[in-house]
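A short worksheet on the structure shown next.
The values are calculated or read from the model by the stated rules, or taken from the named source; none is laboratory data. Just so it is clear, the model here is predicted, and its values are computed rather than measured. Neighbour counts run over all protein chains shown; Cβ positions are idealised from the backbone, glycine included. To get the accessible areas, we keep the full protein, side chains included, count just its heavy atoms, and leave off ligands, DNA and RNA. Shrake-Rupley method; radii C 1.70, N 1.55, O 1.52, S 1.80 Å.
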Amino acid sequence: MTTTDTLADAFQRVQQIVRRTVDGASEAVLTFRADDEANTVAWLVWHLTRVQDGHVSELAAVDELWVDGGWHDRFGLPFDAAATGYGQSSSEVAQVRGVSPDDLIGYHDAVCARTLDYVATLDDDDFGRIVDTSWTPPVTLAARLVSVISDDLQHAGQASFVRGVAERAGA
């Protein structure tokens, strides 16, 4: 198994969790909040996908699918097109509503497909390339991809947990 195979496997695992968590979920489940400050399934999946879309698009030097693929218009969220969810308030989290499971999965699937296409172009010599000098030490391509996977897995797990809590609460 190569490094690119390993990365592809990790991104596909995120995709599987997203699909399993969102598929067939009602609006009540997607927007359930365990308390007034809690994140929702819809927000978590939107956010993790936006982050992946942003980072991978930047690495691949292509436009984000969020705008270029029409997802920003399709979702109809009241945020600037550049918003990824980072630093959003509790009230902004609550504004991620009215998005269908099919659209959440569709956007994630499109981003995952682009990610897999990009990862397939890489070879081991690429992973040491510096992609961000604003950190000390500077961030390599390998570190950025692992960071995206780590963030995605955490949020996908949170979304899965919230769905379970929502369903047990009768949402």
- Task: Consider only pairs whose beta carbons are under 7 Å apart and that are at least six residues apart or on different chains; among these, list those whose first residue lies in the range 69-97 and is in a loop (DSSP other than H, G, I, E, B) and whose second residue is among the hydroxyl-bearing types (Ser, Thr, Tyr).
- Result: Val96/Thr40; Arg97/Thr31
- Message: Looking at the structure I just gave you, is Thr49 touching a helix residue (DSSP H, G or I) at 6+ places or on another chain (Cβ under 7 Å), in a helix (DSSP H, G or I) and either among the polar types (S, T, N, Q) or open to solvent by 20 Å² or more (accessible area, probe 1.4 Å) (or both)?
- Response: yes
- Considering the range 106-130, residues that are among the small types (Gly, Ala, Ser) and over 16 Å from the mean Cα position of the chain (by Cα), and then whichever is most open to solvent (accessible area, probe 1.4 Å), we arrive at Ala120
